[in-house]
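The structure under discussion appears below in the form of structure tokens.
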Amino acid sequence: MSDSRPLPRPTAQSAPHWDGCKEGVLRVQRCRSCSHFVFIPQPLCTKCQGLDLEWVESSGRGTLYSYTVVHRPQRPVFDVPYTVAIVELEEGWYMLTNLIGVDATDVKIGMSLEVAFEAMSDEITLPFFRPRA
């Protein structure tokens, strides 16, 4: 899929996350010192300030923590309405994303979700979430 939507620009810091998305794997940083998950990618742990972070695979399963429905797009290229969500992953970390495969009127806090990857360009695949069967 390709359109004129703005896309992320991976950095050296975030490249493992974006590489994982292209491979169909949701990756997150975890601190080896305190086991805290760190997202968005950072150079140090946001809990203990430790520098020993590793990349691990997430299950990609979670629940809807919060959401909003957007009716006025930032740019005309975005089809509305769309649902922006905060997902609490099974491992205990949170991710800002968009929901797909569900009508905005059917969205409920606490609903079970799973990651779904969509290629937006040759370089970028985005992780969206959809209701889990």
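The values are calculated or read from the model by the stated rules, or taken from the named source; none is laboratory data. These numbers were taken from a predicted model, which means no experiment stands behind them. Reconstructed Cβ throughout: ideal geometry from the backbone, glycine too, with neighbour counts over all protein chains shown. In case anyone asks, the SASA skips ligands and DNA or RNA and just uses the protein heavy atoms, side chains included. Shrake-Rupley method; radii C 1.70, N 1.55, O 1.52, S 1.80 Å.
Just one of the listed residues (Pro41, Pro8) is under 13 Å from the mean Cα position of the chain (by Cα) and touching a residue at least 60 places away in the same chain (Cβ under 8 Å), namely Pro8. Taken residue by residue, segment 52-61 has at least one member that is hydrophobic (A, V, I, L, M, F, W, C) and open to solvent by 50 Å² or more (accessible area, probe 1.4 Å).
Picking from residues in segment 23-40 that are out of contact with any Pro (no Cβ under 9 Å at 6 or more places or on another chain) and not in a loop (DSSP other than H, G, I, E, B), the one that is farthest from Ser59 (Cα to Cα) is Cys31. Scanning segment 54-88 for residues that are touching a helix residue (DSSP H, G or I) at 6+ places or on another chain (Cβ under 6 Å) and more than 18 Å from Pro127 (Cβ to Cβ) yields Val69, Pro81. For residues that are among the basic types (Lys, Arg) and closer than 15 Å to Glu91 by Cα, scanning just segment 5-31, find the one that is most open to solvent (accessible area, probe 1.4 Å). Of everything passing the filter in segment 5-31, Arg30 is most open to solvent (accessible area, probe 1.4 Å). Condition check for Cys45 on (1) outside any loop (DSSP other than H, G, I, E, B); (2) open to solvent by less than 40 Å² (accessible area, probe 1.4 Å): one failure, at (1).
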